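Novice: Here it is, the structure, as structure tokens.
The values are calculated or read from the model by the stated rules, or taken from the named source; none is laboratory data. In this text, all values refer to a predicted model and were calculated from it rather than measured experimentally. Here the Cβ is made from the backbone with ideal geometry for all residues, glycine too, and neighbour counts use every protein chain on show. Ligands, DNA and RNA are stripped out before the accessible areas are found, and what is left, the full protein with its side chains, is counted by its heavy atoms. Shrake-Rupley method; radii C 1.70, N 1.55, O 1.52, S 1.80 Å.
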Amino acid sequence: MATESLPFSVSLELALEGAGSAEAQLYQPALAEAEAAVADLRKAYESGSLELLRVPERRDDLDAAAEAAAKLRENTSAICVLGIGGSSLGGQALAELIPFGALRKVHFFDNPDPFTFKAALASFDLKTTRFVAISKSGGTAETLMQTLAAADAIEKAGGGKYLKQHFLCITEPKPSPLRAFAESIGCPTLDHPVGVGGRYSVLTVVGLLPAILMGLNAYAIRHGANAVLQQMLNGQSPAASGAALHHALARAGRLRETVLWSYADALKTFGPWWRQLWAESLGKDGKGSTPVATLGPVDQHSQLQLFLDGPGEALYTIVSTDMKGEGPVVPRERASALKLDYLAGKTLGDLVSVEARATAETLHAKGRPVRQIHVPKTDERGFGALFMHFMLETIIMGRLMRVDPFDQPAVEEGKVLARRYLGQE
């Protein structure tokens with residue numbers, strides 16, 4: 001059976017030209033190592049030992065999520081997603097697919113700022129507000145505090161009798177504080193896959209239940225992810241070449257940072273999602289590169305000076321979409337009267353398209369390695385493909401670096417100290 005084409009294209013031409021001779025010589029050996037890592041992933045897929053690789057094929061969990069979402073939306077004025085990091089960023093990234101101006105009933109509360117959450121609870125009609133609490137372990141302090149505070153607010157508003165109708169919890173199928181809360185009020189729960197870490201969970205119900213609640217096509221998201229996965233299984237993997245490029249630059253001492261530069265508002269929160277994935281997966285044992293998420297022309301006016309004239313120890317990935325001819329048109333007569341002939345008859349999409357191209361070429365002219373990814377359409381299938389691509393690239397990069405891309409040992413000490421200090425107070 002022929003492999004389905006991907007909903008994006010990748011070019012390393014400017015990256016390899018922008019790299020020095022040492023980096024270029026290191027790329028082919030790195031690519032051979034990356035392909036060996038891909039062979040291991042194929043074995044993991046066949047054995048089922050890496051659950052993430054089987055997620056794109058599943059449909060049963062989405063059917064259950066769709067049923068739960070339908071009940072949650074009944075007589076509902078607002079839905080609040082409570083979670084942090086990987087329990088929230090995937091859903092937030094998908095929320096950017098909702099057109100500007102559309103009524104958004106789904107709100108994400110990840111950073112537990114006390115003033116914001118207090119104001120939010122005061123502004124909602126708590127009789128018709130629903131809460132989705134997400135924590136893989138079921139013991140995330142920030143999410144638990146938000147959940148308990150929301151339950152208390154509903155009870156004080158007179159809704160304690162119907163508390164179970166206000167909540168849905170997503171957590172692992174094992175004893176935990178969050179699961180105990182769900183059982184105590186009788187609210188529904190969906191299982192967080194045990195073998196899929198939080199920052200890799202966007203394609204599970206963690207990211208796709210919020211997507212369904214927002215009216216997005218979760219099956220199309222999985223379809224796009226599966227297209228990337230199947231290409232890898234059939235011997236074609238842009239993720240492997242991307243990891244190899246990063247590794248070659250790192251070995252040459254030219255990878256202090258890796259910059260994901262998205263030229264579309266629809267990808268604005270995709271950058272922070274990727275930033276957590278890369279940082280938490282690969283920053284270990286004194287190794288790693290700092291991920292920097294940037295956005296279109298905005299960051300041309302704030303960071304491009306540094307990127308062009310600074311240390312030059314970064315890889316730049318420019319992500320563009322089809323937007324030529326899109327948006328308002330500048331009237332020719334007025335533009336000419338203002339001596340702005342280069343803008344006459346042009347659209348905002350025309351401007352952003354050429355700026356993405358100009359940024360890539362300017363960085364290349366300065367000897368900066370630039371990878372170009374083009375996603376013709378930012379829709380559910382395209383997002384699913386990008387999610388899968390960058391998760392695979394991160395996993396392969398971990399294998400090349402000889403670090404475990406799935407653990408996060410360094411952050412546990414801070415969590416323990418925070419709980420101790422809070423208990424002392």
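Novice: Looking at the range 4-27 only, could you name the residues that are touching a helix residue (DSSP H, G or I) at 6+ places or on another chain (Cβ under 8 Å) and polar (S, T, N, Q)?
Specialist: Quick first cut of the range 4-27, residues touching a helix residue (DSSP H, G or I) at 6+ places or on another chain (Cβ under 8 Å) only: 4-8, 10, 12, 14-19, 23-24, 26-27.
Ser5 - this is the single residue of the range 4-27 that is touching a helix residue (DSSP H, G or I) at 6+ places or on another chain (Cβ under 8 Å) and polar (S, T, N, Q).
Novice: Among the residues of the range 305-362, which ones are among the hydrophobic types (A, V, I, L, M, F, W, C), in contact with a strand residue (DSSP E or B) (Cβ under 6 Å, 6 or more places away or on another chain) and under 30 Å from Ala248 (Cα atoms)?
Specialist: Ala314, Leu315, Ile318, Val319, Ala356, Ala360
Novice: Contact list please: Cβ distance under 7 Å, first residue in the range 126-144 and closer than 18 Å to Glu183 by Cβ, second residue open to solvent by 20 Å² or more (accessible area, probe 1.4 Å) and at pLDDT 95 or above, pairs at least six apart or on different chains.
Specialist: Here the result reads Lys136/Gly198; Gly138/Pro177; Gly138/Arg179; Gly139/Pro177; Thr140/Ile84; Thr143/Ile84; Leu144/Pro177, each pair linking the range 126-144 to a residue that is open to solvent by 20 Å² or more (accessible area, probe 1.4 Å) and at pLDDT 95 or above.
Novice: Please count how many residues of the range 266-294 are on the phi < 0 side of the Ramachandran plot, out of contact with any strand residue (DSSP E or B) (no Cβ under 8 Å at 6 or more places or on another chain) and of a type in the set (D, E, K, R).
Specialist: Counting residues in the range 266-294 that are on the phi < 0 side of the Ramachandran plot, out of contact with any strand residue (DSSP E or B) (no Cβ under 8 Å at 6 or more places or on another chain) and of a type in the set (D, E, K, R) gives 3.
Novice: Separate question: Just to verify a result, which residue in the range 298-315, among those that are touching a residue at least 24 places away in the same chain (Cβ under 8 Å) and closer than 16 Å to Ala264 by Cα, is nearest to the chain's Cα centre (by Cα)?
Specialist: Per the stated criteria, the residue is Asp299.
Novice: Starting from the range 178-203, keep only residues that are at pLDDT 95 or above, then list their pairs with residues that are surrounded by fewer than 21 Cβ atoms within 10 Å (Cβ to Cβ) and part of a strand (DSSP E or B) whose Cβ atoms are within a distance under 9 Å, requiring at least 6 positions of separation or different chains.
Specialist: Cβ pairs passing all conditions: Leu178/Thr189; Arg179/Thr189; Ala182/Thr189; Glu183/Thr189.
Novice: Mind counting the residues in the range 306-325 that are touching a His at 6+ places or on another chain (Cβ under 9 Å), crowded, with 17+ Cβ neighbours inside 10 Å and closer than 16 Å to Lys377 by Cβ?
Specialist: Adding up the residues that qualify gives 3.
Novice: Right, here's the next one. If I go through the range 281-297 residue by residue, how many of them are of a type in the set (Lys, Arg) and without any contact (Cβ under 8 Å) to a residue 24 or more places away in the chain?
Specialist: 0
Novice: Okay, moving on. Consider Ala2 carefully, then state whether it is at pLDDT below 95, hydrophobic (A, V, I, L, M, F, W, C), more than 19 Å from the chain's Cα centre (by Cα) and open to solvent by 40 Å² or more (accessible area, probe 1.4 Å). Break it down stepwise before answering.
Specialist: On the way: at pLDDT below 95: yes; hydrophobic (A, V, I, L, M, F, W, C): yes; more than 19 Å from the chain's Cα centre (by Cα): yes; open to solvent by 40 Å² or more (accessible area, probe 1.4 Å): yes.
Spelling it out, Ala2 is indeed at pLDDT below 95, hydrophobic (A, V, I, L, M, F, W, C), more than 19 Å from the chain's Cα centre (by Cα) and open to solvent by 40 Å² or more (accessible area, probe 1.4 Å).
Novice: When only residues in the range 60-118 that are part of a loop (DSSP other than H, G, I, E, B) and among the hydroxyl-bearing types (Ser, Thr, Tyr) count, which is nearest to Ser137 (Cα to Cα)?
Specialist: Ser88
Novice: Another one. Return the residues of the range 5-52 that are in a helix (DSSP H, G or I), open to solvent by less than 40 Å² (accessible area, probe 1.4 Å) and at pLDDT below 85; say none if nothing qualifies.
Specialist: Gly18, Glu23
Novice: Return the total of residues in the range 152-180 being of a type in the set (Ser, Thr, Tyr) and open to solvent by 60 Å² or more (accessible area, probe 1.4 Å).
Specialist: 1
Novice: What helices (runs of 4 or more DSSP H) lie completely within the range 326-425 and have 2 or more residues being crowded, with 18+ Cβ neighbours inside 10 Å?
Specialist: In the range 326-425, the matching helices (runs of 4 or more DSSP H) lie at 348-365, 380-401.
Novice: Kindly establish whether Gly215 is closer than 21 Å to Glu67 by Cβ and either assigned to a loop (DSSP other than H, G, I, E, B) or in contact with a helix residue (DSSP H, G or I) (Cβ under 9 Å, 6 or more places away or on another chain) (or both).
Specialist: Numbers: closer than 21 Å to Glu67 by Cβ: yes; either assigned to a loop (DSSP other than H, G, I, E, B) or in contact with a helix residue (DSSP H, G or I) (Cβ under 9 Å, 6 or more places away or on another chain) (or both): yes.
In short, yes.
Novice: Just a yes or no: is a residue in the range 122-134 touching a Lys or Arg at 6+ places or on another chain (Cβ under 9 Å), surrounded by 23 or more Cβ atoms within 10 Å (Cβ to Cβ) and at pLDDT 95 or above?
Specialist: Within the range 122-134, one or more residues are touching a Lys or Arg at 6+ places or on another chain (Cβ under 9 Å), surrounded by 23 or more Cβ atoms within 10 Å (Cβ to Cβ) and at pLDDT 95 or above.
Novice: Then there is this: When you look at Ile98, is it surrounded by fewer than 18 Cβ atoms within 10 Å (Cβ to Cβ), touching a residue at least 60 places away in the same chain (Cβ under 8 Å) and aliphatic (A, V, I, L, M), yes or no?
Specialist: yes
Novice: Out of Ser289, Ser281, Ser262, Ser237, which single residue is at pLDDT below 95 and crowded, with 21+ Cβ neighbours inside 10 Å?
Specialist: Answer to the check: Ser237.
Novice: Another question, then. Pairs needed: first member in the range 406-425, in contact (Cβ under 8 Å) with a residue 60 or more places away in the chain; second member anywhere, open to solvent by less than 60 Å² (accessible area, probe 1.4 Å) and part of a helix (DSSP H, G or I); C-beta distance under 6 Å; at least 6 residues apart or different chains.
Specialist: Partner pairs satisfying both residue conditions: Gln408/Glu280.
Novice: Something else about it: So Pro210 clears everything in (1) open to solvent by 20 Å² or more (accessible area, probe 1.4 Å); (2) touching a helix residue (DSSP H, G or I) at 6+ places or on another chain (Cβ under 6 Å) except one condition, right? Which one?
Specialist: All conditions pass for Pro210, except number (1).
Novice: Ok, one more. Looking only at the range 119-161, filter to residues that are hydroxyl-bearing (Ser, Thr, Tyr) and in a helix (DSSP H, G or I); which one of those is farthest from Ala78 (Cα to Cα)?
Specialist: For the range 119-161, the residue satisfying everything is Thr143.
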